[in-house]
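Everything on this sheet refers to the single structure shown next.
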Amino acid sequence: MANELTRTQSGVVALVDRHEIGDVLKPLIKEIHLFDSYIAGTMHLKEPEVLQSIRTGDTLNLQREENKFDDMAILILNGAGQKLGYVPEKDNVIFARLMDAGKLLKAKVTDIEMKGSFPMIRIGIWLVDF
């Protein structure tokens, strides 16, 4: 049929149609290292054994928290959503503002060192940019 119209998809539409959306977006994601810090408040955890599963290289989630002690509080959670502690109050203002503006931030464990009976967990904070 010479006079028939055929519909073809090209570019991003064709990619999305043939793949999961995550597969399409992964190459477009950039992680930008912003700052090095540590996990604060590990001594006050109700379940400190959660810290035993943390390893260097782990990616951690950051989440804003309404907190009566700190208006800019940022929780640090493991992949299972368990509380590990906080971004230190002295470091959190700019990161809280970025998160409040809709930016996605992640943390990565860079080092673990025992300080007495509690681990000092150092982290890098990263902006996930699309």
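The values are calculated or read from the model by the stated rules, or taken from the named source; none is laboratory data. Please read all numbers here as calculations on a predicted model, not as lab measurements. With ideal geometry, Cβ positions are generated from the backbone for all residues, glycine too; neighbour counts draw on all protein chains shown.
Computed values, structure above
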quantity: Selection count where residues are at pLDDT 95 or above and of a type in the set (Phe, Trp, Tyr), scope segment 76-130; calculated: 3
quantity: Residue within segment 108-119 that is closer than 12 Å to residue 58 by Cβ and within 13 Å of the chain's Cα centre (by Cα) present; calculated: yes
quantity: Enumeration of residues in segment 76-93 that are free of Cβ contacts under 8 Å to residues at least 24 places away in the same chain and surrounded by fewer than 18 Cβ atoms within 10 Å (Cβ to Cβ); calculated: 77, 79, 80, 81, 90, 93
quantity: Looking only at segment 27-60, and only at residues there that are of a type in the set (Gly, Ala, Ser) and surrounded by 12 or more Cβ atoms within 10 Å (Cβ to Cβ), the one that is farthest from residue 92 (Cα to Cα); calculated: 53
quantity: Cross-chain or 6+ apart pairs with Cβ under 8 Å, segment 52-64 first and without any contact (Cβ under 8 Å) to a residue 40 or more places away in the chain and charged (D, E, K, R), then assigned to a strand (DSSP E or B) and surrounded by 11 or more Cβ atoms within 10 Å (Cβ to Cβ); calculated: 64/74; 64/75
